[in-house]
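The values are calculated or read from the model by the stated rules, or taken from the named source; none is laboratory data. The model shown is predicted, which means the values in this text are computed figures rather than measured ones. No Cβ is skipped: glycine too gets one built from the backbone with ideal geometry, and neighbour counts run over all protein chains shown. Note: accessible area is taken over every heavy atom of the protein model, side chains too, but ligands, DNA and RNA are not part of it. Shrake-Rupley method; radii C 1.70, N 1.55, O 1.52, S 1.80 Å.
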Amino acid sequence: MTKIVNHWIGGKSAEGASGTFGPVTDPATGAVTTKVAFASVEEVDAAVAAAKEAFLTWGQSSLAQRTSILFRFRALLDAHRDEIAELITAEHGKVHSDALGEVARGLEIVDLACGITVQLKGELSTQVASRVDVSSIRQPLGVVAGITPFNFPAMVPMWMFPIAIACGNTFVLKPSEKDPSASVRLAELLAEAGLPDGVLNVVHGDKVAVDRLLEHPDVKAVSFVGSTPIARYIHTTASANGKRVQALGGAKNHMLVLPDADLDAAADAAVSAAYGSAGERCMAISAVVAVGAIGDELVEKIRERAEKIKIGPGDDPASEMGPLITAVHRDKVASYVKGAADEGCEVVLDGTGYTVDGYEDGHWIGISLLDKVPTSAKAYQDEIFGPVLCVLRAETYEEALALVNASPFGNGTAIFTRDGGAARRFQLEVEAGMVGVNVPIPVPVGYHSFGGWKDSLFGDHHIYGNDGTHFYTRGKVVTTRWPDPADAPTGVDLGFPRNH
């Protein structure tokens with residue numbers, strides 16, 4: 001029997017009423033294993049209404065109540081991390097160890113939410129004038145929404161809703177319809193932890209559900225992670241409807257390797273960062289820039305390592321890389337490799353046409369490595385989101401830096417070098433939001449914020465960390481004077497208040 005994934009509205013499972021369902025496949029076999037209900041406008045409205053009703057009490061709840069629930073949720077999440085990882089592997093395809101890593105990174109943000117009391121402390125200035133005090137406080141927005149991608153079906157929602165509900169908001173999540181089960185399980189665990197009905201709601205669907213959240217008058221803010229074209233659309237549409245928006249877009253993350261770098265360490269890092277999670281990461285290294293005369297040696301070291309990667313089903317402990325999410329995406333990724341030679345690239349490894357014995361209908365693609373890639377090639381210009389690594393050559397640091405900064409994307413970047421002065425210069429001069437020094441995937445820990453520059457971010461706030469708290473709250477300043485019994489009447493004064 002095909003599994004059906006329903007919505008989660010008002011603290012319970014809600015069967016889809018629209019009559020529209022989407023298929024969810026097992027990427028390792030290509031078989032449809034699940035149907036997910038697609039929400040109508042009315043079902044999205046029901047989720048927002050449940051969240052709005054819940055905000056009346058949740059927005060006034062104590063910090064102690066909120067954090068105690070989140071602590072219980074954290075314990076449940078930790079106890080069920082294998083189960084959630086299995087759901088991710090079954091629908092996304094990533095290997096189990098990678099799925100476990102995703103859950104662990106989501107746990108980091110739950111940890112941050114458990115300690116939200118520190119971030120929500122206000123400020124107080126006393127005696128700014130005679131018997132006048134000024135304080136600043138932060139208050140929740142109300143109903144907020146999150147729209148999340150397929151590549152991290154547990155982690156990215158946990159970048160959003162734990163912070164939002166810890167700040168006193170209620171939340172409507174629209175996860176990817178390609179791998180929806182993990183998000184519903186997270187909602188169930190939160191309910192088990194004691195979260196009141198309606199504080200977290202999950203609706204599945206397509207553009208109908210997304211557009212309704214973007215235009216709904218009761219949704220005060222929207223968080224999004226996905227491709228740049230959709231991020232731009234989310235930002236434009238939600239902003240036009242008066243909402244606060246953080247929309248994280250695509251990437252083309254560069255890794256500069258200077259001539260003095262440890263080439264073995266750089267090759268290890270390039271392979272890990274390019275091919276981990278089958279390249280379906282917005283923080284994947286997809287372009288290595290070899291500076292000076294090291295290019296040939298570096299490419300050979302990358303090739304040697306890449307050829308040894310074991311590709312297979314995500315539930316096989318021997319597998320290091322799994323399939324891609326869909327056959328359509330697999331074919332699109334393959335098209336970049338098949339057309340690379342005609343665009344001037346040297347194809348060192350061609351992973352197209354790869355299959356796994358016994359799983360011939362899975363969404364398989366092997367490792368691809370392109371060398372001497374011109375910046376005009378589509379494989380360089382586009383975010384491929386698959387296991388394809390481009391190597392570019394530059395004669396000098398200045399040339400390499402200019403190449404990186406010319407990219408329309410500015411998500412993450414890295415430099416590999418033993419020269420501290422060069423590394424310091426790079427971190428100041430490069431135009432990207434996250435920088436790694438001998439670290440290939442510079443994803444910040446939970447108490448620092450995640451976000452890029454240029455076409456990788458639309459909106460003013462990065463996600464989680466202090467930016468996350470600021471995004472999900474708004475500031476208020478209160479000026480107070482309490483009269484003293486000994487005060488004499490001051491009379492009317494039409495001038496500016498005197499502070500000194």
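How far, in nm, would the chain grow between Asp197 and Thr355 when pulled straight, counting 0.36 nm per residue and subtracting the alpha carbon separation?
52.3 nm
Pop the C-beta distance of Lys310 and Ala104 into the FRET formula with R0 = 30 Å and round what comes out to the nearest 0.05.
0.85
Give me the Kirkwood hydrodynamic radius of segment 310-417 in Å, from all C-alpha pairs, to one decimal place?
15.3 Å
Pop out the carbon and sulfur fraction of the accessible area of segment 49-179 as a percent, whole number, probe 1.4 Å.
Within segment 49-179, the accessible surface is 55 percent carbon and sulfur.
I'd like the GluC sites (Glu not before Pro) in segment 398-450 restricted to DSSP loop residues with at most 15 other Cβ atoms within 10 Å, sorted by number.
Glu431
Quote the accessible area belonging to His80 in square angstrom, nearest 10, computed with a 1.4 Å probe and with ligands, DNA and RNA left uncounted.
50 Å²
Could you give the angle, 0 to 90 degrees to the nearest 10, between helix 327-338's Cα long axis and the longest principal axis of the Cα atoms of the chain?
For helix 327-338, the angle is close to 50 degrees.
Go through Val435, Val492, Thr479 and say which Cα lies farthest out towards the positive end of the charge dipole of segment 352-500; charges sit on Cβ, +1 for Lys and Arg, -1 for Asp and Glu.
Working it through, the farthest residue towards the positive pole turns out to be Val492.
Students often get this wrong: which residues of segment 228-262 have the backbone nitrogen under 20 Å from the point 7 angstrom along Cα-to-C-beta of Asp419?
Those under the cut-off are 254-262.
Leu63 label point, 7 Å along Cα→Cβ, cut-off 19 Å on backbone N: hits in segment 459-500?
Once the point is set 7 Å along Cα→Cβ of Leu63, 464-478 turn out to lie under 19 Å by backbone N, inside segment 459-500.
When DSSP beta bridges are limited to those with both residues in the chain, what percentage is antiparallel, rounded to the nearest 5?
Roughly 40 percent of the beta bridges in the chain run antiparallel, per DSSP.
Residues of segment 306-330 with the amide nitrogen closer than 20 Å to a label point 7 Å from the Cα of Asp268, along Cα-to-Cβ, please.
306-310, 320-321
Could you give me D for segment 229-329, from Stokes-Einstein at 4 °C and 1.567 mPa s, where the hydrodynamic radius is the Kirkwood radius over C-alpha pairs? Units µm² s⁻¹, please.
80 µm²/s
Over segment 88-209, what relative contact order in percent results from Cα pairs under 8 Å that are six or more residues apart?
25 percent
If each of Gln427 and Lys35 carries a label point 7 Å out from its Cα toward its Cβ, how far apart are those two points in nm?
Rounded to a tenth, the inter-label distance reads 5.4 nm.
Starting from the Cα of Lys338, draw a straight line to each of the lysines and keep only those under 19 Å, dropping any in the same chain fewer than 8 residues away.
Lys372, Lys378
Kindly report the accessible area of the chain per residue (heavy atoms of protein chains, probe 1.4 Å, no ligands, DNA or RNA), in Å².
Result: 42 Å² per residue.
Pop out the carbon and sulfur fraction of the accessible area of segment 220-359 as a percent, whole number, probe 1.4 Å.
Roughly 50 percent, rounded to a whole number.
I'd like the Kirkwood hydrodynamic radius of segment 1-54, using the inverse of the mean 1/r over distinct C-alpha pairs, in Å.
For segment 1-54, inverting the mean 1/r across all distinct Cα pairs yields 12.2 Å.
Rounded to the nearest 20 debye, what is the charge dipole size of the chain about its Cα centre when +1 sits on each Lys and Arg Cβ and -1 on each Asp and Glu Cβ?
1640 debye
If you place +1 on the Cβ of every Lys and Arg, -1 on the Cβ of every Asp and Glu, and leave all else neutral, what size is the dipole of segment 208-352 about its Cα centre, to the nearest 20 Debye?
Charge dipole, segment 208-352, about its Cα centre: 920 debye, nearest 20.
Among the listed pairs Lys207/Lys243; Lys12/Lys35; Lys12/Lys52; Lys220/Lys252, which are separated by more than 22 Å between their Cα atoms?
Pairs exceeding the cut-off: Lys220/Lys252.
Cα axis of helix 181-192 to longest principal axis of the chain: angle in degrees, 0 to 90, nearest 10?
30 degrees
Give Lys301/Lys454; Lys94/Lys308; Lys308/Lys454 a once-over and call out the pairs whose C-alpha atoms are over 28 Å from each other.
Checking Cα-Cα distances, Lys301/Lys454; Lys308/Lys454 exceed 28 Å.
Evaluate the relative contact order of the chain (contact order divided by residue number), counting alpha-carbon pairs under 8 angstrom at least 6 apart; express in whole percent.
18 percent
Give, to the nearest whole percent, the P(r) tail of segment 275-367 beyond 17 angstrom, counting all Cα pairs.
56 percent
Percent of Cα-Cα pairs more than 13 Å apart in segment 56-104, please.
Percentage above 13 Å: 62.
Take the chain, drop everything but the C-alpha atoms, weight them equally and run the Debye formula without solvent; then report log10 I(q)/I(0) at 0.10 Å⁻¹ to two decimals.
The Debye formula, applied to the Cα set alone, gives -0.79.
For the chain, build the charge dipole from Cβ charges (+1 Lys, Arg; -1 Asp, Glu) around the Cα centre, then report which of Leu87, Thr469, His235 sits farthest towards its positive end.
Of the listed residues, the answer is Thr469.
Give me Rg over Rh for segment 176-226, both radii from the alpha carbons and Rh done the Kirkwood way, two decimal places.
The Rg/Rh ratio comes out at 0.99.
Mind checking the angle between helix 228-240 and the chain's longest principal axis? C-alpha axes, 0 to 90 degrees, to the nearest 10.
Orientation of helix 228-240: about 20 degrees from the principal axis.
Round to the nearest 0.05 the FRET efficiency obtained for Ser335 and Val439 when R0 = 41 Å and r is the Cβ-Cβ distance.
Working from the Cβ atoms, E equals 0.85.
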